[in-house]
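The values are calculated or read from the model by the stated rules, or taken from the named source; none is laboratory data. Remember, predicted model here, so these are calculated numbers, not experimental data. A quick note on method: Cβ atoms are made from the backbone with ideal geometry, for glycine too, and the neighbour counts reach across all protein chains shown.
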Amino acid sequence: MASINLLPWRALLREKRRKRFVIVLLALSAMAVGGLFVIDHFIDRAVERQLARNDLIRSAMVQLDGRAEQIDQLKVRREQLLERMQTIETLQGNRSDSGIILQQLARSLPQGVYFTDVKMTDQTLVITGVAQSNKLVAELMRNLDASHWLETPVLIDVQAGPIHAEGPERLFEMTVRQTRHVRSGGQL
């Protein structure tokens, strides 16, 4: 029998397979590196786009914060203007009250009584005066209580004053409150 040496053929085949394996391995490695490069590039682009969006959002937030601050300032200004308008309306509404109060005091004053001092603080009048008798002081208080513009007269002090030809005088001090009226048609 003849002896056949198949060893070089097997070695050549093994060498070809090894070369093909190395080539495939290098090709796959190159493709993996290329794929990683493409993926890295894609991720970098996505990050850049997101950063651009974030910058856009930040600039929009800064603008909105500025507008919100302006709105807050406008609200404060509006409240100040409303307070001013209300103060002016109150002053306009109370403008004629002083004259009406003086008119009511004059109408309520009985014969034989006169005022020496009238002071108004907020809605309270402090009245000092002189009367010929205690009865006239009581009548003054009834008249003030009957007024639609004045209420709750309170007598603080009554003292005997100097004696005149008409008799002894009474020095008195009282308080009376102004009522809060809602104007309807300007009638008293």
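Determine, yes or no, whether LEU102 is in contact with a helix residue (DSSP H, G or I) (Cβ under 8 Å, 6 or more places away or on another chain) and either modelled with pLDDT of 90 or more or within 27 Å of ARG170 (Cβ to Cβ) (or both).
It is false that LEU102 is in contact with a helix residue (DSSP H, G or I) (Cβ under 8 Å, 6 or more places away or on another chain) and either modelled with pLDDT of 90 or more or within 27 Å of ARG170 (Cβ to Cβ) (or both).
The rows are residues; the columns are (1) closer than 27 Å to GLN92 by Cβ; (2) at pLDDT below 90.
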position	(1), (2)
ARG107	yes, yes
TYR114	no, yes
MET120	yes, yes
GLN132	no, yes
TRP149	yes, yes
ASP157	no, yes
VAL176	yes, no
HIS181	yes, yes
SER184	yes, yes
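Only one of GLY34, GLY66 is outside the structural domain of GLY129 (by TED's automatic domain parsing), within 25 Å of the chain's Cα centre (by Cα), surrounded by 10 or more Cβ atoms within 10 Å (Cβ to Cβ) and farther than 30 Å from GLY129 by Cα; which?
Answer to the selection: GLY66.
Taking the conditions exactly as written (of a type outside the set (A, V, I, L, M), surrounded by 10 or more Cβ atoms within 10 Å (Cβ to Cβ) and under 23 Å from the mean Cα position of the chain (by Cα)), does ARG84 satisfy them or not?
Considered against the rule, which asks whether it is of a type outside the set (A, V, I, L, M), surrounded by 10 or more Cβ atoms within 10 Å (Cβ to Cβ) and under 23 Å from the mean Cα position of the chain (by Cα), ARG84 comes out as yes.
Give me the pairs, please: first residue somewhere in region 104-130 and assigned by TED's automatic domain parsing to the domain that holds MET141 and assigned to a strand (DSSP E or B), second residue anywhere and surrounded by fewer than 14 Cβ atoms within 10 Å (Cβ to Cβ) and among the aromatic types (Phe, Trp, Tyr), beta-carbon distance under 9 Å, and either six or more positions apart or on two chains.
Cβ pairs passing all conditions: GLY129/TYR114; VAL130/TYR114.
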